[in-house]
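Take a look at the structure below.
The values are calculated or read from the model by the stated rules, or taken from the named source; none is laboratory data. Worth saying up front: this structure is predicted, and the values here are computed from it rather than measured. Neighbour counts run over all protein chains shown; Cβ positions are idealised from the backbone, glycine included.
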Amino acid sequence: MSTASCRVGITALTLALSFLTSTHAAAQKNNELTPELQKVREALEKYQDPIVAVHDGYFSTVGCVEYPKPGAPGQVPYPRGGMGVHFFNGTLMGKLDPLKPQVLVYEPVGGKLRLMAAEYFVPLSPEVKARPQLFGRPFDGPMEGHHPLMPQELKHYDLHVWLWKKNPAGLFAPTNPDVKCPKAAYTFQEVAPRLVPEK
């Protein structure tokens, strides 16, 4: 076999392996979402446009949040990573509906906001008798509010679900090591909030 033929064969094999690898990776990504989570992602897909989110009552906290250090003892055990920009919908507080998360989470990318995750947020109150669960997962917390973008007195449980951005830390991890905030005035490097006693 000639050298040229060998090169063509190697190139073809490389392209085939690359295609199979990318296809397998895409399949793995899709398989992480249960049918219930796929339904949630489809229902929230319209919020890829943050202006649609604003029209539906979600309002931005402005800041992009990062956690450069993991949570210490007494704090929520956050892995090191980013959370991005949060859009809160106050009218949904106190209601736990998989299709209506209280928070949408975006990542600033190239001057635009890209939807990454949904967050379910349950304020701590006498009506909350036990740790909330959704999608078979217990919520994180209870914890203090995320200072400075949230009053520390806003004690709560929350659960993040990374429906659009792959998270090496896990589908339900609170932070994502691949989320990057711009070096700008409204980027906040926060400390993991303190845990508080359950009522």
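Quickly run through segment 70-84 and pick out the residues that are buried (at least 17 other Cβ atoms within 10 Å of the Cβ) and without any contact (Cβ under 8 Å) to a residue 60 or more places away in the chain.
Selection gives nothing.
If I filter segment 132-164 down to residues being surrounded by 18 or more Cβ atoms within 10 Å (Cβ to Cβ) and among the charged types (D, E, K, R), which single residue comes out as nearest to residue 110 (Cα to Cα)?
For segment 132-164, the residue satisfying everything is 158.
List every residue pair whose Cβ atoms lie under 9 Å apart, where the two residues are 6 or more positions apart in sequence or sit on different chains, the first residue falls within segment 30-52 and is of a type in the set (Gly, Ala, Ser), and the second residue, located anywhere, is in a loop (DSSP other than H, G, I, E, B).
Listed pairs, sorted by first residue: 43/98; 43/99; 43/100.
From 102, 75, 133, grab the single residue that is in the same structural domain as residue 61 (by TED's automatic domain parsing), closer than 21 Å to residue 47 by Cα and polar (S, T, N, Q).
102
Taking segment 120-137, which residues are among the charged types (D, E, K, R) and outside any loop (DSSP other than H, G, I, E, B)?
Listed by number, the list holds a single entry, 137.
Of the numbered conditions (1) in contact with a Pro (Cβ under 9 Å, 6 or more places away or on another chain); (2) small (Gly, Ala, Ser); (3) closer than 20 Å to residue 149 by Cα, residue 43 satisfies every one except a single condition; which is it?
(3)
Yes/no per residue for (1) in a strand (DSSP E or B); (2) touching a residue at least 60 places away in the same chain (Cβ under 8 Å); (3) under 17 Å from the mean Cα position of the chain (by Cα):
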site: 107; (1), (2), (3): yes, yes, yes
site: 118; (1), (2), (3): yes, yes, yes
site: 150; (1), (2), (3): no, yes, no
site: 159; (1), (2), (3): yes, no, yes
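Go through segment 115-137 and give me each residue that's among the basic types (Lys, Arg) and closer than 30 Å to residue 178 by Cβ.
131, 137
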